[in-house]
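Structure, as structure tokens:
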Amino acid sequence: CFICLPVRSVDYASHSVLAMGLTSLDKIIALQRNPANTRNLCILAHVDHGKTTLADCLVASNGIISSRLAGKLRYLDSREDEQIRGITMKSSAISLHYSNGDQEYLLNLIDSPGHVDFSSEVSTAVRLCDGAIVVVDAVEGVCPQTQAVLRQAWLENIKPVLVINKIDRLIMELKLTSQEAYTHLQKILEQVNAVTGSLFTSKVLEEREEKESETSSGDQVYDWSTGLEEADDSQLYFSPDQGNVVFASAIDGWGFSIQQFAQIYSQRMGVRAEVLLKTLWGDFYLNAKAKKIMKGAQAKGKKQLFVQLVLDNIWSLYDAVVTRRDKEKVEKVVTSLGVKVMARDSRHSDPKVLLSAICSQWLPVSQAVLSMVCEKLPSPLDMAAEKVEKLMSVGARRFDLLPEQTQELKKAFLQCSSGEDAPAIVFVSKMFAVDTKALPQNRQRPLTQDEIAQRRELARQRHADRMTADQTATESQRDLTHSGNTSQDVQPAGLSTGTLNSTLFISFYFFKHTAEEEQKETFIAFARVYSGLVKKGQRVFVLGPKYDPAQGLSMLPEGCSASDCVPEVPYLSCCSMESLYLLMGRELEELEQVPAGNVLGIRGLEECVLKSATLSTSPACPPFTPLNFEATPIVRVAIEPKHPSEMPKLVRGMRLLNQADPCAEVLIQETGEHVLVTAGEVHLQRCLDDLRDRFAKIEISASKPIIPFRETVVRPPKVDMVNEDLGKQQKVAIIHQVKEEVTQGRSSDTLHVDPSGLVTVTIPNRMATVSVRAIPLPEEVTHLLERSTELIRSLEQVNMSLREGKTVDVSLRTMEAIAGLKAQLENLLQGRKWRNAVERIWAFGPRRYGPNFLLNSVEGYQRLSVWHCLGRGDKAGEAGAAVIRDFDNSIVSGFQLATLSGPMCEEPLMGVCFSVERWDVQSSAVPQHQDSLEENSISHEALANSRVEGSTKTSSEVEGTVAGQSQARRRPEAASADCYRPVSGQLIAAMKEACRRAFQAQPQRLMAAMYTCEIMATAEVLGRVYGVLGKREGRVLHEEMKEGTDMFIIKAVLPVAESFGFADEIRKRTSGLASPQLVFSHWEVISSDPHWVPTTEEEYLHFGEKADSANQALKYMNAVRRRKGLYVEEKIVEHAEKQRTLSKNK
Amino acid sequence: MSIFTPTNQIRLTNVAVVRMKKGGKRFEIACYKNKVMNWRAGAEKDLDEVLQTHSVFVNVSKGQVAKKDDLTKTFGTDDLTEICKQILAKGELQVSDKERHSQLETMFRDIATIVAEKCVNPETKRPYTVSLIERAMKDIHYSVKAGKSTKQQALEVIRQLKETMEIQRAHMRLRLVLPAKEGKRLKEKLKPLLQVVESEDFDEELEMVCLVDPGCFREIDELIRCETKGRGSLEVLSLKDVEEGEEKF
């Protein structure tokens, strides 16, 4: 039931409950001061295993909600969609009071979501706790998320206790006998322990590996032992006799641990409680004759002690109350248990009501769970030193390498003292948004006597005012009617109502204004104090995740505090905590100060804290290790407002959402898309709802993000699609081939394509021709160029300024890097074809820094190389081709335009080299130009003209846009312009056309963006993972088993174009046992040719005449073309005869 | 004379007629609907999927076949298929519904793509996405004109969109170098054309880096060239002044 979200709708709004219940705020404040009796714990489990229901029972024990409603209300699910969907979506905290004998405890309970999409919320909860209650469904057993939360608890070093929930389902649904139920429970316990065990072994193996790598040199003796034998793991496992397991049915309100029964029976049977405790769980039976507890119940076919003494009682109770509804028996049971049942419960038509009335008094679940929690889970004082070190050492840094002052802070952690002198250390694990109206200071409170008096006075005043106003109005009216002027009658009355209106308006405006203020969301930090006493209004340092205490300490003056003015230290800021709150589920209670070891909410940090942070009064404190998230966000959608004018609201809303959600990522892409990345579909839905209803308050739409492609050329293939050698075969001429041949070998008067792929283009006025050839670049070169984008960009800048004769001081390192790049290129471009190619590089493109280049292969044309900034560029040959030099820029611009959008689907090119092999500017152009040289003014003009046009790359665009104007203003005096356009402009167009044609003359391919995809999966779902990957064109690179666990790690690549919905599908198909992570890795050539049609006989046989089997590249290309509104070669109707042509009214 | 009653009236339902006037005579061929444009674009390669019959008519709806003499006289051949191909390529036709629909849709997309390429959100200096522009175009009820070029229509759309949303042409960044003499005078003239002046350096020459609307480029170019007699110069630093790279919140 991983995906199914049952709708348990409960009208929760009607239950108005008193937040503090029976325990007063003062009591809790008093309890907060005693860390020894404080427990910070969270409830973890798989989705729908009953976390929130259990939390309800615990909350009910404090009288915050009625025990009747416990399990139905789900008090901690305060969001509307949580209630509607019936799953928890956020972690929320509540402070509970529990007294066990003479000891009084404060429990800071955090309920967490179980759905995998919200595992980030689990991380935020787990970080703040010392212990955890792991809930397991007695029917479903260990589920994927159970494993995940156990792992999370393990990684954060927190101690878990186990609650096996929903035992009633074993009785009522599965109809197991008590004996069967016992074996079932045993199995579940084994499953849970197996998970813990594997976590333990993997840790031991890891430690061993580390040790080995440290000491590997030296001793050659191989150590056979894995270290597992020595490591003690007995404390880790769950076992009822250890007292860390509770059997419960939270919905019926009962639960017990072995201890409770041991105590009951030790009194009744006269056996020592300790003996019973050891034997109550396990293969023991009661020998009635010998009055002895014996071993080996299973072998002898006897009932185990647990079955006989515990389960049978419960089974008979269920039998009597629910199944048979035997009134007399019930009464007997009730009296024997010493329980009081109210008459209305016993008369209720639903037997469950009676059952829970009996059970919740007989074996109250809150009692069992809370006492276990208080006994077994550590208090903040018992925090393990190991955990502290882990928290404080960020990344790979070892704890003992931290500054000394920082290491001293460890003591503060361990002492957990709330003294005035102890440094305050607080960790904020998430920020959550609260309606400003819900804050305690804005909440409606009962009015004090004074206030009531004041208000009464105000009301009286207002009334008096109104009376006088009325009087004057009527008086004036009377006057006027006396004068008999009926036409003016209306006016004064209108006036008086006017004034009245304006006062009304003012008050209305005031209300509206405050309402607007109130609508805003306030961010509250979900945090825990680890040391020191936190006071309202206190100023603290906010330590960013990259803050380095060593650096901070050296930069800050000795003994400096956050209230001083702080010098600039990276990743450090100051902030004051405006108010502190006690978190009580939906409600917040304002506090003046919070001592160490407690969970709290802090207001006033939204400016400094994005999602999580460490706060401290001491700059020596290191930032805590970042939260480790089980699920990384991978579902990407593009978000747009329904109405384009609401863009600013959307941006603001997305900013808020980003802060309020620990896992969601928000980014704006270069294309202008606003992309939201979430952990899964349910999470996405929640984020969209939040955006719509809370943060942006506008209509939005989410869609598939735009997928980028690249275009490239490859070497002509040697074999055809059926792997036959191409050379030997005869091409089959078919009808549709003929047409293509015509376009291939077309040579109009301005364009000529020769069979070797050399394209010659002449500009319309026949004054210049240019010949270009496209050559595929080796893959390594493309990669290198792509990696060194920044470098090429700076190279271009240096060149630009050098050209203008300016001197620029470039750092030596940049120059070295440029020289290094050149050397690497030379190294990669070897062979006859590339001889001296690197020296001849003319320009990079697109945008002057892309992964394509232009090669100067013109004979006799020497130009400055792009590397001339390296100082070796000789100026020889500059004079030789001065005529065409003026148009140098036009060629480059044409190349830039061509590489920016390729002919396949107007996407940028990648890994293509254009080699200019011939370039003539015919004499008819030159004399004109030379003539103009004599006339000073005109030559300047021509030069300026060519320069402008050349560097703009836009002649076509600019002229397109101002076509009308330019028509009128076409300068008649321009020397080099004729009836077409200026030569330079024509040359740009010609060069662009030449590049495109040259590109098309080679075998073209599409390049797809690829994700690397890492999937963790268990062995049994491996096949399905492969299935999903295969369906989406993914390719598995390798898989390996994680040592010490049964998890496999699969590494695969997946086209970005196929990734939409991938995460969801893989989770669905593997019931959540596999969790993928996607990271963009590289561009990959799609092997199929988008323009491919069968040409050889073999291909004919294999694919048929039309070759309509799926062509991936064609599919992508057409999708992009369709999106951009380009022409797509597709038939509007496939079969002419089979269209519906009758119009509707005939 | 045939009696024109509903029963013996044959409706030409799946027929698109392509007409051509040549040599003073009118010739028609009977084709299938929604196919002729595909044939002309080269997407449909099978002639039998386009032509109902390989015969040439004088009037398709009346079923009058063209005389052989006329055909040889005007086309110089009596190969009907060849003549049909000629008429298909050059004749005039009524565009069928689906053809028109897909044509308009393609143009609509094209216009939106051009607008998205040319424009930015002035507040963030980031481009809008094509789908957002499409929606905005639908909101202002823009109707595509099949006869006008998409580029022209895109400029029209930008003008209209400005009224409903924050949008403007992406600015060009220009560097102007003006001789000192004319500098002051020219600056006054240029001022209304420049959107933002980013830097101004006045020593020997006046050097300005500024953002301008691409529509004004030609004017500025003209102004500088005419007024300074070629001594001033103009250089385009970037075509589109937009934010680059991804931004993470």
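Details
- Annotation: amide H-H contacts under 5 Å for residue B:96 (H modelled 1.01 Å from N, sequence separation of 5 or more, or interchain): B:34.
- The string of couplings for the range A:1054-1059 from the Karplus curve (6.51, -1.76, 1.60, θ = phi - 60°) is 9, x, 4, 4, 9, 8 Hz, one whole number per residue in order, with x for Gly and Pro.
- Residue A:99 long-range amide H proximity, modeled H, under 5 Å: A:105
- Length gained on full extension, residue A:701 to residue A:332: 126.6 nm, using 0.36 nm per residue less the C-alpha separation.
- Global geometry of the range A:283-429, whether rounded, prolate or oblate, following the gyration tensor of its Cα atoms and the 1.5 cut on a/c: prolate
- Ordering of B:203-213, A:151-161 by packing [mean C-beta count within 10 Å, highest first]: A:151-161, B:203-213
- Global geometry of the range A:319-401, whether rounded, prolate or oblate, following the gyration tensor of its Cα atoms and the 1.5 cut on a/c: prolate
- Point-to-point label distance, residue A:793-residue A:27, nm (Cα→Cβ direction, 7 Å offset): 6.3
- Extension gain, residue A:1014 back to residue A:766 (0.36 nm per residue minus Cα-Cα distance, nm): 83.5 nm
- For the range A:15-143, the pair-distance distribution built from all alpha carbon pairs, in bins 5 Å wide starting at 0, is 2, 11, 20, 23, 20, 14, 7, 3, 0 percent.
- What the Cβ-Cβ distance of residue A:571 and residue A:400 gives, at R0 = 25 Å and to the nearest 0.05, is a FRET efficiency of 0.65.
- Buried on complex formation within the range B:48-67 (loss of at least 30 square angstrom of accessible surface versus the isolated chain, 1.4 Å probe, ligands and nucleic acids ignored): B:49.
- Size descriptor, Kirkwood hydrodynamic radius, that averages inverse alpha-carbon separations across the range B:57-183, Å: 19.1
- Think of each Lys and Arg Cβ as +1 and each Asp and Glu Cβ as -1; about the Cα centre, that makes the dipole of chain B roughly 1540 debye.
- Above-threshold pairs, the threshold being 26 Å between Cα atoms, out of B:45/B:148; A:27/A:72; A:292/A:329; A:278/A:300; A:430/A:697: B:45/B:148; A:27/A:72; A:292/A:329
- Cα-Cα separations in the range A:611-692 greater than 16 Å, expressed as whole percent: 57
- Each residue of the range A:779-792 is assigned a 3J(HN,Hα), and the resulting list reads 4, 5, 5, 4, 4, 4, 4, 5, 5, 9, 3, 4, 5, 5 Hz, derived from the Karplus form 6.51 cos²θ - 1.76 cosθ + 1.60 (θ = phi - 60°), x at Gly and Pro.
- Counted over the range B:106-249 with a bin width of 10 Å, the fraction of Cα pairs per bin, in whole percents, is 11, 35, 26, 20, 8, 0.
- Förster-model FRET efficiency, 60 Å R0, residue A:298 and residue B:125, C-beta, rounded to 0.05: 0.20
- Taken along its principal axes, the alpha carbon cloud of the range A:249-324 reaches lengths of 36, 25, 19 Å, longest axis first.
- Multiplying the residue separation of residue A:179 and residue A:1115 by 0.36 nm and removing their Cα-Cα distance gives an extension gain of 330.9 nm.
- Portion, in percent, of the accessible area of the range A:246-405 that falls on carbon or sulfur, probe 1.4 Å: 52
- Exposure ranking of A:362, A:281 by accessible area [1.4 Å probe, largest first]: A:362, A:281
- Three-way shape label, the range A:572-644, alpha-carbon gyration tensor, a/c 1.5: prolate
- The range A:840-870 and the range A:576-606: distance between their alpha carbon centers, rounded to Å: 63
- Acute angle (nearest 10 degrees) that the helix B:150-161 long axis makes with the longest principal axis of chain B, alpha-carbon atoms: 60
- Those lysines that a straight Cα-Cα span of less than 18 Å connects to residue B:21, excepting residues fewer than 8 apart in one chain: B:62, B:67, B:68, B:73, B:85, B:90
- Taking the convex hull of the alpha carbon positions in the range A:81-121 and averaging its projected area over all directions gives 3.7 nm².
- Close amide H partners of residue A:132, meaning residues 5 or more places away or on another chain with modelled amide H under 5 Å apart, are A:42, A:159, A:161.
- A Förster radius of 60 Å combined with the Cβ-Cβ distance from residue A:1068 to residue B:184 puts the calculated FRET efficiency at roughly 0.25.
- For the range A:48-168, the antiparallel share of DSSP beta bridges with both residues in that region comes to about 60%.
- A 1.4 Å probe run over the range A:757-806, with the rest of the protein chains in place, finds 42 Å² accessible per residue.
- 222 nm mean residue ellipticity, helices alone, for chain B (DSSP H n ≥ 4; -39,500 (n - 2.57); rounded to 500): -11500 deg cm²/dmol
- The largest-to-smallest principal axis extents of the Cα set in the range B:183-245 are 40, 25, 19 Å.
- Chains A and B together, accessible area buried on both sides, 1.4 angstrom probe, square angstrom: 6000
- For the range B:24-30, Karplus couplings with θ = phi - 60° (6.51, -1.76, 1.60), whole Hz, Gly/Pro x: x, 10, 9, 10, 10, 10, 9
The values are calculated or read from the model by the stated rules, or taken from the named source; none is laboratory data. Just so it is clear, the structure is predicted and the values come from calculations on it, not from any experiment. When we count neighbours, we look across all protein chains shown, and the Cβ atoms used for this are built from the backbone with ideal geometry, even at glycine. The accessibility values were calculated without ligands, DNA or RNA, using every heavy atom of the protein model including side chains. Shrake-Rupley method; radii C 1.70, N 1.55, O 1.52, S 1.80 Å.
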